[in-house]
Every structure is written in structure tokens, then in C-alpha cells.
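Written out below as C-alpha cells is the structure these notes cover.
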Amino acid sequence: MISSLLRSLWLVFRHLFRRNVTVQYPDEQPYLPPRYRGRIVLTRDPDGDERCVACNLCAVACPPDCISLQKTEDEDGRWRPEFFRINFSRCIMCGLCEDACPTYAIQLTPDFEMSEYDRQNMVYEKEDLLINGPGKYHEYSFYRVAGKAIAGKGKGQGLNEKKPVDLHDLNL
Amino acid sequence: MPATTGEAVHLVLNIFGILLAAVVAAALLTWVERRLLGFWQDRPGPNRVGPFGLLQVVADMLKLFFKEDFLPRFADIPVFVLAPVIVMAAMLLGFAVIPFAPHIGVIDLNIGLLFFFAMSAMAVYSVVLGAYASNNKYALLGGLRAAAQTVSYEVFMGLSLMGVVMLAGSFDLRTIVLAQRDGWFILPQFLGFAIFLIAGIAESHRLPFDLPEAEHELTAGFHTEYSGMKFGMFFVGEYLSILLISSLITTLFLGGWLGPWLPPLVWFLLKMSLLVALFILLRGALPRPRYDQLMSFGWKWMLPLALLNLLVTGGLLLWRG
């Protein structure tokens with residue numbers, strides 16, 4: 001019994017010469033990997049146009065229902081959100097919205113320092129969420145590859161897109 | 001009575017110096033303990049307030065002073081208020097007999113050791129009365145444990161030191177230190193040292209013998225109902241008792257201020273701080289025994305060993321003539 005007591009005393013004492021595991025946070029910033037799930041942003045495509053097409057999939061996927069948006073349509077046929085609102089006081093940073101997004105528009109970033117004194121300030125509007133870059137996916141532009149026709153790009157003119165099937169060619 | 005004014009000034013300086021040093025050291029010990037425990041758990045401990053976190057003590061004191069001094073409606077108020085005072089007063093009085101260095105020390109009683117026992121026994125009243133006056137079941141359980149633990153550990157605490165007393169031929173702590181000129185008593189009295197160390201830990205209610213507090217089972221044991229500076233006094237009292245036990249072990253077994261090259265006071269403080277660090281290491285490493293284990297360990301192992309130590313030491317001394 002005594003030898004085990006002395007042994008545990010010795011083992012604990014040896015920790016005096018170990019490195020601390022503590023990261024002294026405000027002074028020392030921890031490294032966060034690029035795919036860290038932090039503050040949510042809305043990205044833009046390489047042309048600088050916003051990527052979000054207001055499909056509502058993120059809002060559907062969101063477990064705490066903290067995303068709210070309204071679709072509107074431009075004259076050229078593009079869809080975009082009229083407003084896009086994330087209530088970060090509810091958000092659990094699960095990243096399901098990013099997984100659900102078909103256009104890489106919504107992305108999570110390695111930033112978690114978003115404390116506020118006023119709860120209302122935790123509600124981010126579209127202009128708070130939009131950033132000026134493409135985020136993690138530099139080349140992707142939804143309307144360039146998608147089959148959706150917009151002004152200046154008809155059916156079948158997208159990147160790698162086949163011609164639309166001509167019904168008259170079908171041997172029915 | 002001091003014969004000359006010079007002696008009187010010396011005495012007054014000694015009294016106030018030791019009082020102040022003891023209280024300041026006990027307060028600083030809260031920081032030392034948290035820092036050391038931190039290092040032993042691979043973390044820095046409190047290091048934000050002041051250089052190395054030294055001013056943490058000040059911050060804690062400010063906090064305790066500004067906390068509401070809550071008196072429970074159901075408590076026995078006079079006893080409740082008195083209890084924390086007893087432990088601090090008893091422990092500070094205990095420092096009176098400690099000879100820190102050849103000319104530092106309040107008084108040389110020829111019953112110095114007995115005086116220490118009296119004071120450490122007084123400290124039990126603080127815990128028991130505080131627990132009783134709180135009128136709280138957890139506090140009562142803690143107080144019961146404290147009473148039983150202290151009564152049974154006090155028995156062989158005294159017996160374990162009789163070997164030292166026999167070797168030195170005196171209860172006077174200064175004489176005991178001087179008797180260690182040819183060799184510290186830790187060698188001939190190692191068993192006595194080990195028993196006294198264990199009893200000392202139990203006496204100051206430190207882990208692994210902190211059953212009166214036992215925060216997992218009894219919330220905070222005997223001081224459950226205490227808050228603010230009254231709690232602070234219990235707290236400082238505990239640290240004072242660590243200091244007191246450490247300086248007593250230094251005096252009795254480690255040759256007090258004796259040592260080469262360095263000044264006597266430095267030697268004394270060095271030995272004492274090592275013992276304090278040992279106390280903190282014990283807290284960091286060892287689990288708390290069950291209550292019945294504590295009791296049977298005391299009565300079935302420590303008491304017979306202390307008696308054996310007494311018998312063998314006495315026999316050897318008689319045999320050598």
C-alpha cells in the first residue's frame with residue numbers, strides 16, 4: 001500500500017517538469033483548421049455575384065431553425081434571397097446548412113469570437129453575412145454550370161452541359 | 001519581563017513580525033497551493049493578476065470582504081461568529097513557541113511542545129462549534145468527523161513525539177533544536193517522523209484526511225454555512241495550521257535552523273517550504289480514504305506503531321545508560 005502511495009506521489013511530482021497543456025487563449029490564439037465550423041458566411045461566385053439562390057434547403061436542414069430567408073427573382077431570371085437572416089444566439093454550428101447548400105453559398109469559417117452584450121445583435125442580416133470572396137471553393141459558379149436558363153444563357157449553354165433533348169428526335 | 005528597553009523592542013518586533021509573517025504567508029499559501037497544483041496537473045494555475053499571479057491573494061481577499069456576510073436565521077449566532085476566530089487565534093498562538101532562528105521566536109516555554117498540543121487541540125473546538133452552530137446536517141456530519149478524527153489522531157500525535165522529547169531531554173523547542181547539532185532526529189526517530197507527519201495532516205484537515213470537509217459528500221463539511229470573511233478565516237486557519245505543522249516538523253526532526261553556509265532563518269524557511277510543498281503534493285496525488293478506514297488506520301496501525309516507537313526508544317536509551 002505504501003509503495004503505491006509513494007509511486008503516485010512520484011508520478012504526480014514528475015508533472016512539475018511537463019509542459020502545460022493550457023492554451024492561454026486571449027494571448028495565445030489557437031490554430032483553427034480551415035474547415036473549422038465557426039461563424040457562418042454567405043460567399044460570392046468568382047464574378048462577385050452572390051451565390052445564394054434562396055432554395056431554402058439550409059433553412060430546412062437547420063436543426064434549431066435559426067435560418068430564415070425569402071426568395072426573390074431578378075429580371076434576368078436569377079434567384080436570390082430578398083433577406084437572409086441567421087440568429088446566432090440559436091445556431092449550434094453543426095454545419096448541416098453548409099452540407100445542404102447546392103451552390104456552396106453558405107459556409108462555416110474558423111471564427112468563433114462573436115460575443116455580444118445585446119442578444120439582438122446576435123441576429124445577422126444578409127449584409128452582415130455576405131463576404132467579398134468565394135470562400136473555400138474558388139472556381140465554382142452555379143449559373144455557369146447549372147441547366148437553369150437565365151438572361152444571356154439559354155438551355156444547354158452551360159459549362160459541360162449537353163444540348164437539351166429535342167423531342168422530335170426521339171423515336172417514339 | 002524584559003530587562004532593558006533593547007530587549008523589549010526586540011520582543012515586540014519579534015511578536016509583530018512573526019504574527020504578520022504568519023498571516024501573510026498563510027494568505028500567500030493559497031496562491032502557492034493553486035499554482036503548484038496547477039503545475040502538477042499540467043496547467044499554469046492562477047497567473048493573471050499581477051506578476052506570476054501573485055496578487056491573486058489580494059483579489060480573493062477583496063472578493064471575500066465584499067461578499068455578503070450571511071448569518072443563517074437558524075444558526076446559533078454567538079457561537080457561529082466565534083468559531084472561525086478560535087481556529088485562527090489558536091493557530092497564531094501556536095506560532096509563539098516556534099524558534100525560527102537563534103534570536104527569532106516569541107517565547108521559549110519549557111513546556112513548548114505541550115503548549116503546541118494545547119493549541120492544536122483548541123482548534124478542534126472551532127470546527128466542532130462551527131459545525132454545531134450552523135445547525136445544518138452536512139455541517140454536523142463534518143463536525144462529528146472532525147471531532148472523532150482529531151481525538152483519535154491527537155493520541156498518537158503526542159505519543160509519536162515522546163521519542164524526540166526523550167532524546168533531547170526537554171519539552172523546550174529551542175533545546176530540542178540545539179540537541180540536534182550532532183544529527184537530525186529524523187534518522188533515529190524516522191518512525192516518529194512518519195507518524196507525526198500523518199497525524200499532522202489529519203490535524204490540519206488536509207487531504208487525504210480532509211473528511212470533515214469532504215466536498216463530494218458533505219458539500220463543504222463543517223463550513224457549509226459560512227461565507228465571506230468568516231469562511232476566509234477558516235481557510236486562513238487551515239493554511240496557518242499547515243505552516244505550523246511544517247515548522248514544528250522542521251524544529252523537531254529536521255534540525256530547525258541548523259545547517260551550514262546559509263543564515264539560520266533561511267535554513268528554517270527552506271525546510272519549512274519543502275514540507276509545505278509535500279503537503280500540497282499529498283493533496284494533489286492521494287485519494288481520500290473512507291471514514292472507517294481512517295479510523296481503523298489510526299487506531300490499529302498508527303497507535304501501536306507510536307507505542308512501539310516509544311518503547312524501543314526508551315529501551316535503547318535505558319540500555320545505553
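Mind listing which GluC sites (Glu not before Pro) in the range A:1-95 are in a DSSP loop and have 11 or fewer other Cβ atoms within 10 Å?
Values: sites: A:Glu28, A:Glu50, A:Glu73, A:Glu75, A:Glu82; in loops: A:Glu28, A:Glu75.
Here the sparse-neighbourhood loop sites are A:Glu28, A:Glu75.
Could you please report the charge total around A:Phe83, scoring K, R as +1 and D, E as -1 over all other residues with beta-carbon less than 14 angstrom from its beta-carbon?
Overall, the nearby charge balance is -1.
Long-range amide H contacts for A:Val123: which residues qualify at under 5 Å (H placed 1.01 Å from N, peptide plane, sequence gap of 5 or more or a different chain)?
Here A:Phe88 satisfy the definition.
Ignoring ligands, DNA and RNA, how much accessible area is buried between chains A and B, both sides summed, with a 1.4 Å probe, to the nearest 100 Å²? Spell out each step's value before the answer.
Numbers: alone 12240 and 15590 Å², together 26530 Å².
Buried area between the two chains comes out at roughly 1300 Å².
If you fit an axis through the alpha-carbon atoms of helix B:56-66 and take the longest principal axis of the Cα set of chain B, what angle between them do you get, 0 to 90°, nearest 10?
Orientation of helix B:56-66: about 50 degrees from the principal axis.
Quick one: Cα centre-to-centre distance for the range A:28-79 and the range A:84-98, in angstrom?
If you average the Cα positions of each part, the centres end up 10 Å apart.
Could you give the angle, 0 to 90 degrees to the nearest 10, between helix B:77-94's Cα long axis and the longest principal axis of the Cα atoms of chain B?
Computed tilt is about 30 degrees.
Loop only per DSSP, at most 15 neighbouring Cβ atoms within 10 Å: give me the trypsin sites (Lys or Arg not before Pro) in the range A:32-63, ordered by residue number. Walk me through the intermediate numbers first.
Working: sites: A:Arg35, A:Arg37, A:Arg39, A:Arg44, A:Arg51; in loops: A:Arg35, A:Arg37, A:Arg39, A:Arg51.
Here the sparse-neighbourhood loop sites are A:Arg35.
For B:Leu311, B:Leu173, A:Leu170, A:Leu5, write out the residues from largest to smallest accessible area, computed with a 1.4 angstrom probe and no ligands counted.
Values: B:Leu311 125, B:Leu173 0, A:Leu170 80, A:Leu5 60 Å².
Per-residue accessible area, sorted high to low, gives B:Leu311, A:Leu170, A:Leu5, B:Leu173.
How big is the accessible area of A:Val21 in square angstrom, nearest 10, if you roll a 1.4 angstrom probe over the protein chains?
110 Å²
For the range B:190-235, what's the relative contact order in percent, using C-alpha pairs closer than 8 Å and at least 6 residues apart?
Details: 21 pairs, mean separation 7.8, N = 46.
With pairs under 8 Å counted, the relative contact order is 17 percent.
Let me have the 222 nm mean residue ellipticity of the protein assembly as shown computed from DSSP H runs of 4+ only, each contributing -39500 (n - 2.57), with the sum over all residues rounded to the nearest 500.
Values: 17 runs with 248 residues, N = 493.
That calculation yields -16500 deg cm²/dmol at 222 nm.
For the range B:202-277 and the range B:64-104, what is the separation of their C-alpha centers, rounded to whole Å?
14 Å
Not counting ligands, DNA or RNA, and with a 1.4 Å probe, what is B:Asp60's accessible surface area in Å² rounded to the nearest 10?
50 Å²
Within the range B:235-321, which trypsin sites (Lys or Arg not before Pro) sit in a loop by DSSP and count at most 12 neighbouring Cβ atoms inside 10 Å?
Working: sites: B:Lys271, B:Arg283, B:Arg290, B:Lys300, B:Arg320; in loops: B:Arg290.
The qualifying sites are B:Arg290.
How many angstrom separate the Cα center of the range A:108-149 from the Cα center of the range B:131-194?
About 69 Å separates the Cα centre of the range A:108-149 from the one of the range B:131-194.
Find the relative contact order for chain A and round it to a whole percent, using C-alpha pairs within less than 8 Å whose residues are 6+ positions apart.
Values: 247 pairs, mean separation 42.1, N = 172.
For chain A, the relative contact order is 24 percent.
Expressed as an acute angle from 0 to 90° and rounded to the nearest 10, what is the orientation of the C-alpha long axis of helix B:112-134 relative to the principal long axis of chain B?
So the helix axis and the longest Cα principal axis differ by about 10 degrees.
Heavy-atom accessible area per residue, chain B, 1.4 Å probe: how many Å²?
Numbers: 14930 Å² over 321 residues.
Roughly 47 Å² per residue, with all protein chains present.
For chain A, what does the accessible surface come to per residue with a 1.4 Å probe? Please give it in Å². Kindly include the intermediate steps, with their values, before the conclusion.
Values: 11600 Å² over 172 residues.
Heavy-atom accessible area per residue stands at 67 Å².
The values are calculated or read from the model by the stated rules, or taken from the named source; none is laboratory data. Since the structure is predicted, the reported quantities are computational estimates derived from the model, not experimental observations. Note that each Cβ is placed from the backbone with ideal geometry, even for glycine, and that neighbours are counted across all protein chains shown. Ligands, DNA and RNA are stripped out before the accessible areas are found, and what is left, the full protein with its side chains, is counted by its heavy atoms. Shrake-Rupley method; radii C 1.70, N 1.55, O 1.52, S 1.80 Å.
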